[in-house]
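Written below as structure tokens is the structure these notes are about.
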Amino acid sequence: MMPRKSPDSPFGATLSRYLLRNPHLTRDQLAAGIHQDPAVITDMCKGRRLTGFQARQRILRIIAWLHENKALFSLEEADALLTAADMAPLDPDRPEEAALWRLLNDPDLLESHHTAPVFTISHPITVPARFYGRSRILERLFDLWNDRIQHAIILGPRYSGKTSLLYVLQRLQATAPTGLRSDQTNDWISRASRIRWVYVDFRNPNMGNAAYLLRYLLHRMGMPAPRGVMLDSFIATVSAQLRSPTIILFDEVGIARERYHELGRPFWDGLSSLAQTGTYQRLGYVLTAESTIESPVFDVQFFGINGHLVHLGPFEIHEARQLIASSPIPFSEEDTEWILETSNLWPLPLQILCHERLSALQSGEKGTGWRERACRHLALYRACFTAV
């Protein structure tokens, strides 16, 4: 009988999830890349060697290596890896961490370092200058946070841009006016900079562990985060220590309800109570959930959080044209009209069609073969948009 392998720790599970983004990456390559014995990486993934100064330095090198190899893309993902190792997030006030923090938090550096195409089809949009559309929704959301912090619920079908919208909300504060397009509203930056943003991705199974999630939230809010923290102590800590306006971005709460039994109604009732009476309206939540416009599936009773309701539907026609016009090689009016009609103005179909057209132009391809390829690609996602 083969000996049973010990399961990966939360750190190991998070690291594996990042490595899977690039099929050519392995733990052995990671070990070589940061000049460690593979056994050290194995031990870390099993929950060992995660204490002491040297352990944090190893994880910082792992974060930098993953970013260089296009397997980790944001400050939030770096902090999630540190939190999974029971460590505090990256600290920009530590000289040895400041450069890495700036690299992951500066949209200009992220854009120049990350070789994503002009039209993004495989990752959320993390750079505000690459984000098009939703201007009325952004204005409406920031109006909620002018004087006091209120909640918002964002509903939309899969691939409608919910995660990209959350990334833009939190990254505006790190974006200088020179990092935005001339048509983007700079007033959002001043309002965003007054808010501390905390992003929670419920597609990460670690977030289904209540203690892990509560510690992650405390870390991201800059508060003491003892191991094994319970909901009552979390509420007491935040009530006593929260001073600045803070918004927690809960992405895909439908997954939390369906899969994570520890995050039941008592958990959400506690968070709702904290925001209503424990923090003097300094704390707000933005929740996203997968839903169609005709049938919004969001159980306010379960989550106990009532907020401004936002539906993510297709782009407005001028927003879609603006995205198409961002191509470094202009499209013909005929191609533009075909893209508008075929996409039905949904963001992901627009990105896919524009990507295929730009690739064909860059390779010097003639004819309309790119349209057939684009339609085959689009067929993979058609079900997400035909029902709405």
Applied in sequence order to region 273-286, the curve 6.51 cos²θ - 1.76 cosθ + 1.60 (Karplus, θ = phi - 60°) yields integer Hz couplings, x standing for Gly and Pro, of 4, 4, 6, 6, 10, x, 10, 6, 6, 8, 10, x, 10, 10
Here the relative contact order (percent) of the chain, from C-alpha pairs under 8 Å and at least 6 apart, is 17 percent
Scalar couplings 3J(HN,Hα) for region 299-307 by Karplus 6.51 cos²θ - 1.76 cosθ + 1.60 (θ = phi - 60°), nearest whole Hz, x for Gly and Pro, are 8, 4, 4, 5, 7, x, 10, 9, x
With -39,500 (n - 2.57) per DSSP H segment of 4 or more residues and division by the full residue count of the chain, the 222 nm estimate, nearest 500 deg cm²/dmol, is -14000 deg cm²/dmol
Quarter of the surface of the C-alpha convex hull for region 282-344, i.e. direction-averaged projected area in nm², equals 6.9 nm²
Quick shape summary for region 5-53, equivalent ellipsoid via Cα gyration tensor, semi-axes whole Å in descending order, reads 17, 14, 9
Expected sort for 127-136, 271-280 on mean C-beta neighbours within 10 Å, highest first, is 127-136, 271-280
Sorted on mean Cβ neighbours within 10 Å (highest first), peptides 220-232, 140-152 come out as 140-152, 220-232
Taking only Cα atoms of the chain, the Rg to Rh ratio with Kirkwood Rh works out at 0.97
Ranked output for segments 204-212, 21-29 by mean other Cβ atoms within 10 Å, highest leading, reads 204-212, 21-29
Sorted by chain and then number, the residues having a modelled amide H within less than 5 Å of the amide H of Ala152, at least 5 places away or on another chain, are Tyr285, Val286, Leu287, His308
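Laboratory data are not the source of any read-out in this text; all were calculated from the coordinates shown. Everything numeric in this text was worked out from a predicted model, so none of it was measured. Note that each Cβ is placed from the backbone with ideal geometry, even for glycine, and that neighbours are counted across all protein chains shown.
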